[in-house]
Amino acid sequence: MNAQPVSIEVVQGDLSAYRKGNTGVDYVHRFESGRPGPHVLINALTHGNEICGMVAARHLLDTGVRPRVGTLTVSFAHVEAYDAFDPSRPFENRQIVHNLNRIWSDEMLEGSEDSPELRRARALRPVVAAADHILDIHSTSQDVVPFWVYPDFERNAQVATAIGLPSVHLVMPNGLGSGTPLIQHGRHAGQDAPGAALVAECGQHFKQATADVAVEVTLRFLAHFGLIEHEMAGSRDEARRFQLLETHIIKDANFSFVRPLIGFEVFAKGELIANNGEDEIRAPCDDCTVFMPAQRAIVGREAVYLTRPL
């Protein structure tokens, strides 16, 4: 499971100019319209090498986007990991110790463990808690079509469908199964949450097209809630929805898939997908569709998400 060479099309820029925001939290900028309306959080760089979100956040700040109603908050989440980028090892700075998108439980945030990610999540807690709606911008190791990821609540499905891009939806009836993501922190977790909270996986990490998707999804998200005006031009693909069934964690350094996978491959019920030490990972249903297969066998990280089409 060796990572393949990649072309890095988006320049890794210095973000130090964005450090001093106006919220008391580094790299967090808030703009209030003075008019009633929702509070929308656009969050970038939950993982250090998922740079499309950085492009989208910089676009908002550099072009002076301001909300017509409500409040807009723009956050660069994990700049410490972002700054550790090495173009010769472009997948290494996803995280430093913890996955910043799996530690948003009270147990982790109020516990005794320490890491750069836990310190940053603790600093960002009030930022996340203040938002009514959250767009958390991500990207993928493999070059696959963009897709939404969100808890299986109607409020999330309605927003994702209305925005239209991406057209693929990965819905989670029972969470990720490998920790608590930012979009399920605190009051955003339950049926009575204040609004929508979604991840947009915009494409392969380092492609310009992925950054372009991130910018467009961000503008559509803000327009949907009335914060800006933005025309959602172009035809829309029919939504394809998948339900997350199982999340598998790598248990053995010799983990291997039965064949090279990039995502969206389909397996029949019972078909072998991977060997995970002494365990076999087999398809739990017909038309089992693979999402985000791991590129490298790193014990403790996610191996693969198994889904079924809805």
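The values are calculated or read from the model by the stated rules, or taken from the named source; none is laboratory data. Since we're looking at a predicted model, the values are computed, not measured. Here Cβ is always computed from backbone atoms with ideal geometry, including for glycine, and neighbour counts include all displayed protein chains. For the accessible areas, the whole protein counts, side chains as well, though only heavy atoms, and no ligand, DNA or RNA atoms are used. Shrake-Rupley method; radii C 1.70, N 1.55, O 1.52, S 1.80 Å.
List of remarks:
- Compared with the dominant principal axis of the Cα atoms in the chain, helix 154-163 is inclined by about 80°.
- The Cα-based radius of gyration of the stretch 7-156, divided by its Kirkwood radius, gives an Rg/Rh of 0.96.
- The accessible surface of the chain, taken with every protein chain in place and a 1.4 Å probe, is 46 percent carbon and sulfur.
- A value for log10 I(q)/I(0) by the Debye sum over Cα atoms at q = 0.11 Å⁻¹ was derived from the coordinates, and within the list (i) -0.82; (ii) -0.74; (iii) -0.65 it appears as (iii).
- Where both bridge residues fall in the chain, DSSP classifies roughly 50% of the beta bridges as antiparallel.
- Sites matching GluC sites (Glu not before Pro) across the stretch 88-147 that sit in DSSP coil, with at most 12 neighbouring C-beta atoms within 10 Å: 110, 113
- GluC sites (Glu not before Pro) restricted to the stretch 212-310 and DSSP loop, no more than 13 other C-beta within 10 Å: 229, 231, 238, 271, 278
- Probe 1.4 Å, accessible area per residue of the stretch 1-99, Å²: 46
- For the chain, the relative contact order works out to 18 percent when only alpha carbon pairs closer than 8 Å and six or more residues apart are counted.
- Nearest-20 debye value, the chain charge dipole, Cβ charges on Lys, Arg, Asp, Glu: 620
- Shape call, the stretch 70-211: gyration tensor on alpha carbons, a/c limit 1.5: oblate
- Where both bridge residues fall in the stretch 8-162, DSSP classifies roughly 35% of the beta bridges as antiparallel.
- Against the chain, whose longest principal axis is taken from its Cα atoms, helix 116-130 shows a tilt of about 50°.
- Between 234, 164, 34, the residue with the greatest mean-square fluctuation in the GNM of the chain (Cα pairs under 10 Å linked by springs) is 234.
- Average accessible surface for the stretch 227-280: 64 Å² per residue, computed with a 1.4 Å probe over protein heavy atoms with every protein chain in place.
- Cα-based Rg of the stretch 234-310 normalised by 2.2 N^0.38 Å, two decimals: 1.15
- Note on surface exposure: 112, 139, 16 rank 112, 16, 139 by accessible area, highest first, 1.4 Å probe.
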